[in-house]
Amino acid sequence: MILVELRKLFLRTRTWVTIGLLCLLPAIVAVFLATTRIAPAPGQGAAFLSAVLESGSLYPAAALALVLPIFLPVAVAVVAGDTVAGESGAGTLRYLLVRPVGRTKLLAAKLFSVVVFVVATVAAVAGTSYVVGVSLFGAGDPVAVVNAIPQISAPGGGGGSSSGGGSSGGGSATANDPADAPTPAVNAPGAAPGAATGGNTVQSDPTEARERAADSVASLSGDALSPADLALRLLGAMLYITISMLGVGAIALFLSTVTTSSLGATLGALAALITSQVLVTLDAAASVTPYLPTRYWLAWIDFFRDPIFLRDIRAGLLVQLAYVVVLMLAAWANFTTKDVAQ
């Protein structure tokens, strides 16, 4: 049954068009950046865009920040909303259930297909963006990358700053603007400890810094990251985004068992997400903000800090897993008692 659902998913032209469009958006942005050599000022625009001109290795992270707030959730909602409602609306669901396959197994297979779609889409966006980024911008000058990324004054990207995606919900992922808070003294790569005074960072000799940080890029905190470390952090961010999108999939899949209209299930899931984003930015809703599905969406940026800030990452994982478990149990209870003749 799982193979049947995967075959149906990936034989649809719509699936590949969706993945292609999600990969195309970062590619278009990269072409404009490479052509004009004009990047957003540090603290403005999507996360990492202010640094990708100096290091194409960071472009997968910038690409994920570009597609996450709107395009990726819409794609997941469309696919998950069509899983059951599409079959029911077309009248083929009853024929599926004629086979000697229980409804629980069928629902599990459809959930698995949504998981595979999310994993494939996130991997495709990151993979194509890495190729495009390195091809257009090169591996990068680690010292220039350090200077291009603003310093971070508070941990917990999803809580204390706009970069972690908590305070702004599903809005654009941006790094902290140094003008908004006192800038801490952060030593540049190669600088001696305690070399920063008066809130200003004392830069070491550029040649020495390049030698010490060769083949590296910088974390949001300004410390050099080796290619292997960067790859591990990017994988962690991809896994976190995948789990976050499973929360979206769970909402749409539950609604897909309630209605026979795949469009209705998709729009219902998107309405829930938009409502969550609005409430996240509303001070009057502070009591419920930590439990909203979009509250910690952008906390994956904390993987690129040194040290990694795990507070909002853990909170985000718990929130998404709670949505997945509760909504899938509700979908199972509804689907197993659903009159498929209607």
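Order these peptides, 16-24, 78-86, 113-121, 232-240, by their mean beta-carbon neighbour count within 10 angstrom, highest first. Intermediate results must be reported in sequence, preceding the final value.
On the way: 16-24: 15.1, 78-86: 26.3, 113-121: 20.1, 232-240: 18.3.
Most protected by this proxy first, the peptides run 78-86, 113-121, 232-240, 16-24.
Can you give me the three principal axis dimensions of the range 224-266 from its C-alpha atoms, in Å, biggest first?
Rounded to whole Å, the extents work out to 52, 13, 11 Å.
If each Cα of the range 1-48 is one equal point scatterer, what is log10 of I(q)/I(0) from the Debye formula at q = 0.15, 0.24, 0.26, 0.33 Å⁻¹?
Computed log10 I(q)/I(0) values: -0.59, -0.89, -0.96, -1.10.
Suppose R0 equals 22 Å; then what is the FRET efficiency for SER287 and VAL116 from their Cβ-Cβ distance, rounded to the nearest 0.05?
Numbers: r = 37 Å, r/R0 = 1.67.
About 0.05, to the nearest 0.05.
Order by neighbour count: LEU329, LEU6, fewest other Cβ atoms within 10 Å first, most last.
Values: LEU329 12, LEU6 15.
Listing LEU329, LEU6 from fewest to most nearby Cβ atoms yields LEU329, LEU6.
Read the figures in this text as sums done on the coordinates, not as results from a lab. None of these values were measured; they are calculated from a predicted model. All Cβ positions, glycine included, derive from the backbone under ideal geometry; neighbour counts span all protein chains shown.
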